[in-house]
1. Quick check on the chain: helices-only [θ] at 222 nm, where DSSP H runs of length 4 and up contribute -39,500 (n - 2.57) each and the sum goes over total residues. Nearest 500, please.
2. Applying a 10 Å radius around every beta-carbon, put 111-124, 60-73, 138-151 in order of their mean neighbour count, most first.
3. What residues from the range 159-201 fall in the zone where the backbone N is under 18 Å from a label point 7 Å along the Cα-to-C-beta line of residue 73?
4. What list do you get for 152, 187, 42 if you sort them by fewest beta carbons within 10 Å?
5. With Cβ to Cβ distances under 12 Å as the rule, what net charge do the other residues near residue 152 carry (K, R +1; D, E -1)?
6. Filter the DSSP H helices in the chain by two things, a Kyte-Doolittle mean of at least -0.5 and an axial alpha-carbon span of 30 angstrom or more, and list the hits by number.
7. Hey, if you put +1 on the Cβ of every Lys and Arg and -1 on every Asp and Glu Cβ in the chain, which of 17, 146, 48 ends up farthest toward the positive end of that dipole?
8. What's the magnitude of the charge dipole for the chain around its Cα centre, counting Lys and Arg as +1 and Asp and Glu as -1 at the beta-carbon? Answer in Debye, nearest 20.
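None of the figures in this text is laboratory data; all of them are computed from the coordinates on show. If you're wondering where the values come from, they're calculated on a predicted model, not measured in any experiment. Because the Cβ atoms are built from the backbone with ideal geometry, glycine has one as well, and the counts that use them run over all protein chains shown.
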Amino acid sequence: MKGSTLAMNKNKFVYAAFLAIAFAATFSACSDKRSTGLEYARNMYDPIAFNPDQPNKNFKDGKTAQLPPANTKPVGFEEYDVYPNTLEGYNEAGAKMVNPLPADSVNLAEGKHSFVVFCAPCHGEKGDGQGHLVKIEKFTGVPAYQTGASSRGGNMVDLTAGKIYHTITYGVNNMGSHASQITPTDRWKVVMYVQQLQKGQ
């Protein structure tokens, strides 16, 4: 009997202590509305590293974000500046560039996939210039690959691989550059598929 009374008193003490701590915590949190209260594991969300826009005394100019050293290139970056974004560069690319990829079913299928994602909204899945954005009159004047005329002279059906690649890279008229969206290798796959559409296939 005495033991059970002691246990009951112990439990009451624990409950009372818990309530007192909870009350104190609640009261302290409400006393200053600007206070965030106690913070647990603050180092989990305060980064040790500098943010790019923070001042940094480790560099002479005091900036965290530094320009890369001259002549460095990102991993996987393929430079395309042999043919400039001019009519002359376009014609030179058309005369000299050749698709380096084998014309197999895998490359053609991947080219079709990229074409449907990036090009078909304007050019249409058949390359007829009747993509969704043309049908809702967002864009006009998109030529068909089989029958249209190129704005830079000649017929779309006669565009060479180099001219198509140059156009994907730099864009022309309402068509913007796709260089940031389609890798150089995938651009050649799209070129391969566009040449199939030129033949009406």
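1. Details: 7 runs with 83 residues, N = 201.
It lands at -13000 deg cm²/dmol.
2. On the way: 111-124: 18.6, 60-73: 9.1, 138-151: 15.3.
Per-residue Cβ counts within 10 Å, averaged per peptide and sorted highest first, yield 111-124, 138-151, 60-73.
3. The answer is 166, 169-170, 179-188, whose backbone nitrogens lie closer than 18 Å to the label point.
4. Details: 152 15, 187 25, 42 8.
Sorted ascending by nearby Cβ count, the order is 42, 152, 187.
5. Values: positive: 163; negative: 88, 158.
Surrounding charge for residue 152 is -1.
6. On the way: long enough: 2-31 (43 Å, 0.74).
TM-like helix candidates: 2-31.
7. After comparing all options, I get 17.
8. On the way: 20 positive and 17 negative charges, 231 e Å.
Result for the chain is approximately 1120 debye, rounded to the nearest 20.
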